[in-house]
Amino acid sequence: DNKYVQSAFYGLRPASVGLILAALFGVVKIALINLESTTIGGFFNIKAIILAICLFVIQKIFPKLHPIALIGIAAVVGIIFKF
């Protein structure tokens, strides 16, 4: 109930959102986009995008599935398809 602590947490919210968005853009840049490609088709990592969409659908179908299970699924698929 301390007003100084509440003010500090109120100020930290935008900073934490900004840090999360910066991490998101960094992961997208590394995993889904190939900046060295000269063609539009080679610009996107199609396999990684398909995997991300599939994991999103699985997460929506099974909302109680633990995120670590999704990470494990992504790791196995990445090893199998070598990307």
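The values are calculated or read from the model by the stated rules, or taken from the named source; none is laboratory data. Everything quoted here is computed from the prediction, not taken from an experiment. So basically every Cβ, Gly included, is an ideal-geometry build from the backbone, and we count neighbours across all protein chains shown. Side chains are part of the model used for accessible areas, which takes the heavy atoms of the whole protein and leaves out ligands, DNA and RNA. Shrake-Rupley method; radii C 1.70, N 1.55, O 1.52, S 1.80 Å.
General observations
- Which label in (i) 30; (ii) 21; (iii) 55 gives the computed percent of Cα pairs over 20 Å apart: (iii)
- 20 Å Cα-Cα reach of Lys29 towards lysines, excluding residues that sit fewer than 8 places from it in its own chain: Lys47, Lys82
- The chain, relative contact order [Cα under 8 Å, separation at least 6], %: 17
- Couplings 3J(HN,Hα) for segment 8-21, derived from phi with the Karplus relation 6.51 cos²θ - 1.76 cosθ + 1.60 (θ = phi - 60°), are 5, 5, 5, x, 6, 4, x, 5, 5, 5, x, 5, 5, 5 Hz, where x marks Gly and Pro.
- Applying 1/(1 + (r/R0)^6) with R0 = 25 Å to the Cβ-Cβ distance of Phe81 and Leu19 gives a FRET efficiency near 0.20.
- Amide H contacts under 5 Å for Phe44, placed H, 5+ residues apart: Asn34
- The residues of the chain expose on average 85 square angstrom of accessible surface per residue, using a 1.4 Å probe on protein heavy atoms.
- Of the trypsin sites (Lys or Arg not before Pro) found in segment 11-83, those in coil by DSSP whose Cβ has at most 10 other Cβ atoms within 10 Å are Lys64, Lys82.
- Across segment 41-47, coupling constants 3J(HN,Hα) worked out from phi with the 6.51/-1.76/1.60 Karplus curve, θ = phi - 60°, read x, x, 5, 9, 7, 4, 4 Hz, and Gly and Pro carry x.
- Per atom type, the chain shows carbon and sulfur on 76% of its accessible surface, probed at 1.4 Å.
- Net dipole in debye of the chain [+1 Lys, Arg Cβ; -1 Asp, Glu Cβ; about Cα centre; nearest 20]: 140
- Report summary: the helix-based calculation at 222 nm, which adds -39500 (n - 2.57) for every DSSP H run with n ≥ 4 and divides by the residues of the chain, gives -25500 deg cm²/dmol.
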